[in-house]
Amino acid sequence: MPEITYREALNQAIDEEMARDDRVFLIGEEVALYNGAYKVSRGLYDKYGEKRVIDTPITEGGFTGIGIGAAMAGLRPVVEWMTFNFSIQALDQVINNAAKMRYMSGGQFKLPIVFRGPNGPAEYLAAQHSQALAAFYAHTPGLLVISPATPYDAKGLLKSAIRNDNPVVMMEAELLYNTKGDVPKEEYLVPIGKADIKRSGTDVTLITFGKVLHLAVSAAEQLQAEGVSAEVLDLRSLRPLDEEAIVASVAKTGRCVVIDESCPVASVGSYVAWLVSNKCFDILDAQVELVAGLDVPMPYNHRLELQVQPSAEKIVTAVKKVLYKN
Amino acid sequence: MNSPDITKYDKSFLSSLLQQMLLIRRFEEKAAQMYGLRKIGGFCHIYIGQEAVCTGAIATVDLAKDYIITAYRDHGHALTVGMDPKVVMAELFGKITGCCRGKGGSMHLFDEQKHFYGGHGIVGSHIPLATGMAVKIKYKNEDGVVLCFFGDGAIHQGSFHEALNMAGLWKLPIVYICENNQYGMGTDFRRASAVNELSKLAASYNMPGSRVDGMDVLAVYQSVTDAVKLARERSKPSLLEIRTYRYLGHSMSDPATYRTKKEVAKYKSQDPIVILRDRMTAAGMFTEDEYVVMDKDCKSIVTEAIDFAEQSKNPEIETLYEDILAETQE
């Protein structure tokens with residue numbers, strides 16, 4: 001199986017789906033001539049031309065809304081946000097229009113559209129460019145929300161998202177684009193709404209999604225050396241959540257730590273922690289712990305910004321807490 | 001712009017415009033009354049006074065290939081695209097037989113089959129959607145155009161400027177129709193806009209802009225015909241400021257005390273229905289008797305719509321979870 005980067009996996013997904021369906025097009029800032037701010041769309045403009053790989057002015061609300069209107073009328077746009085920080089400019093379009101149109105119209109419209117780009121902190125980018133915004137979208141009925149952490153999941157989920165008849169918000173990460181993983185040459189899809197056990201274990205369940213999955217895996221490896229067997233459950237989809245997989249894993253381990261790089265108040269992580277507390281009350285041997293970003297805007301200074309984010313060390317500490325090993 | 005010569009048009013066409021405006025008028029009078037009786041709730045924005053705008057504009061297009069989208073003062077547009085007054089009234093009543101199964105209400109009327117794309121409640125937010133619909137037409141090399149209606153309040157939203165820039169840049173087949181009823185809620189548009197001639201904003205986006213008398217349905221028809229031709233034949237967008245006036249408040253809860261009685265009376269004396277009727281009569285194309293029959297017909301259509309809405313059922317609680325997501329076909 002070839003090993004490719006997360007960036008290449010996304011590129012393949014868009015390329016394959018554009019080749020498969022001529023209603024699919026890519027629109028966003030710098031996606032065409034510049035080949036994408038993070039080079040996800042490299043080569044697509046040369047291959048498909050300006051009709052299907054469309055550079056826009058810097059106007060997130062405008063081009064996001066244009067994508068939604070085009071989807072209502074029967075096209076299948078992939079809207080690239082250079083980062084999710086700028087998606088806040090387009091939040092009205094996504095929440096008031098994309099998510100609500102089918103419902104308000106009594107089921108008359110389909111909205112086959114994907115909004116994608118990097119979400120969450122990278123490095124040295126300060127408060128406006130380092131935000132984990134999953135909760136904004138996961139909160140909203142009418143959207144599907146996915147957050148793949150590996151090249152395999154990125155390709156399979158993006159292909160499913162493009163084929164889905166509903167608005168899908170897909171969160172990537174700057175620091176994931178260069179990560180590598182095995183991706184089959186043959187076509188495959190990863191279904192939206194299914195979590196995945198990335199590492200099997202028996203003593204504690206680590207539930208997470210997106211970039212910080214890799215911290216959870218690393219923490220699990222450290223814990224293994226100390227004789228603790230941690231299961232890592234990758235949510236992959238935040239809306240809908242795979243509640244069955246969550247409950248099944250916690251039923252096996254009896255303990256749970258949730259890891260989400262977002263700020264902790266009213267986040268996906270805090271919701272999942274509540275869900276586990278509620279659904280698994282009789283199974284749990286300890287309180288559910290949440291390892292989240294600290295409740296502050298992101299500072300520029302590197303020492304400070306690292307302190308704000310989850311780390312393998314913080315996860316290990318939380319696991320020891322639910323194992324009463326402190 | 002001077003009003004077009006009425007004798008250029010045949011009687012059946014003029015009668016259809018008159019009938020359409022009269023139907024909207026009678027529908028809206030009853031809707032307001034039903035609101036007072038609490039049969040209709042929430043925000044309800046009445047179109048009385050503005051009938052010539054949607055009537056004259058929508059008469060220029062072919063809804064097999066063209067598209068209509070508007071804001072929340074949408075009852076008139078819904079009726080003019082040919083939606084059944086029964087399902088429109090039932091939607092205002094929140095009934096399951098309404099066009100949106102009681103989920104949209106007054107502000108969110110839709111008819112996908114008739115290419116009526118809503119019915120939108122966030123000021124200016126639908127202008128990019130309209131522009132995306134025009135992108136689809138161009139992408140598929142179709143022959144259609146989009147008519148995008150919005151109010152004078154929407155013209156200062158970023159979404160208006162962002163969308164018009166891309167429409168000008170990409171030469172999209174769309175007509176932006178600002179229905180300037182002169183008040184964004186309670187604020188005179190002159191108190192909200194750096195320019196009083198709103199059509200001047202078109203120049204920033206490399207498209208033609210002009211002001212139209214919105215109390216004269218033929219002036220509206222002629223101007224929109226020209227703009228549609230430009231969009232259809234040369235794929236060029238334009239902006240029309242159609243100057244009109246709403247007789248009632250912004251919504252049913254607004255007594256509109258910010259306007260003088262004199263001002264309201266002045267516009268009522270230019271009533272679009274009266275103007276067209278009188279001009280047709282003066283040209284010997286229409287009689288008082290014909291008007292009486294037409295009015296009676298409109299009133300009976302509205303009465304039937306009310307009866308239908310009254311007799312229809314409320315949605316079942318189970319429908320709450322329907323229509324959120326589509327079943328993906330493949």
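Couple of notes before you dig in:
- Residue in the stretch B:80-102 that is surrounded by 24 or more Cβ atoms within 10 Å (Cβ to Cβ), among the acidic types (D, E), closer than 26 Å to B:T303 by Cβ and facing another protein chain (nearest Cβ under 9 Å) present: yes
Yes/no matrix, rows are residues, columns are (1) in contact with a helix residue (DSSP H, G or I) (Cβ under 6 Å, 6 or more places away or on another chain); (2) under 25 Å from A:G120 (Cβ atoms); (3) within 8 Å of chain B (Cβ to nearest Cβ); (4) in a loop (DSSP other than H, G, I, E, B):
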residue: A:Y34; (1), (2), (3), (4): no, yes, no, yes
residue: A:V40; (1), (2), (3), (4): yes, yes, no, yes
residue: A:E50; (1), (2), (3), (4): no, no, no, yes
residue: A:I54; (1), (2), (3), (4): no, no, no, no
residue: A:F63; (1), (2), (3), (4): no, yes, yes, no
residue: A:I68; (1), (2), (3), (4): yes, yes, yes, no
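- Out of A:D21, A:D15, A:D46, A:D55, sole residue that is touching a residue at least 40 places away in the same chain (Cβ under 8 Å) and either of a type outside the set (V, I, T) or not assigned by TED's automatic domain parsing to the domain that holds A:P151 (or both): A:D21
- Restricting B:D271, B:D307 to residues that are buried (at least 17 other Cβ atoms within 10 Å of the Cβ) and of a type in the set (D, E, K, R) narrows the list to B:D271.
- Restricting B:S106, B:S3 to residues that are in a loop (DSSP other than H, G, I, E, B) and at pLDDT below 95 narrows the list to B:S3.
- Test for A:Q131: is it out of contact with any Lys or Arg (no Cβ under 8 Å at 6 or more places or on another chain) and crowded, with 19+ Cβ neighbours inside 10 Å: yes
- For B:E179: the one exception among (1) touching a Gly at 6+ places or on another chain (Cβ under 8 Å); (2) charged (D, E, K, R); (3) not in a strand (DSSP E or B): (3)
- Within the stretch A:78-89, the only residue that satisfies the criterion of being more than 11 Å from chain B (Cβ to nearest Cβ), closer than 20 Å to B:Q157 by Cβ and of a type in the set (S, T, N, Q) is A:S87.
- Residue within the stretch A:90-107 that is more than 10 Å from every other protein chain (Cβ to nearest Cβ) and in a helix (DSSP H, G or I) present: yes
- Looking only at the stretch B:128-166, residues that are over 14 Å from B:R232 (Cα atoms), among the hydrophobic types (A, V, I, L, M, F, W, C), assigned to a helix (DSSP H, G or I) and more than 7 Å from chain A (Cβ to nearest Cβ) come to 4 in all.
- Condition check for A:L213: aliphatic (A, V, I, L, M) and over 12 Å from A:V319 (Cα atoms): yes
- Out of B:I306, B:I301, sole residue that is more than 14 Å from chain A (Cβ to nearest Cβ), within 16 Å of B:L22 (Cβ to Cβ), in a helix (DSSP H, G or I) and among the aliphatic types (A, V, I, L, M): B:I301
- Of all residues making up the stretch A:288-312, the number that are under 18 Å from A:V258 (Cα atoms) and assigned to a loop (DSSP other than H, G, I, E, B): 7
The values are calculated or read from the model by the stated rules, or taken from the named source; none is laboratory data. Computed from a prediction, not measured in an experiment: that's the story for all the values here. Using ideal geometry, Cβ is built from the backbone for each residue, glycine included, and neighbour counts are taken over all protein chains shown.
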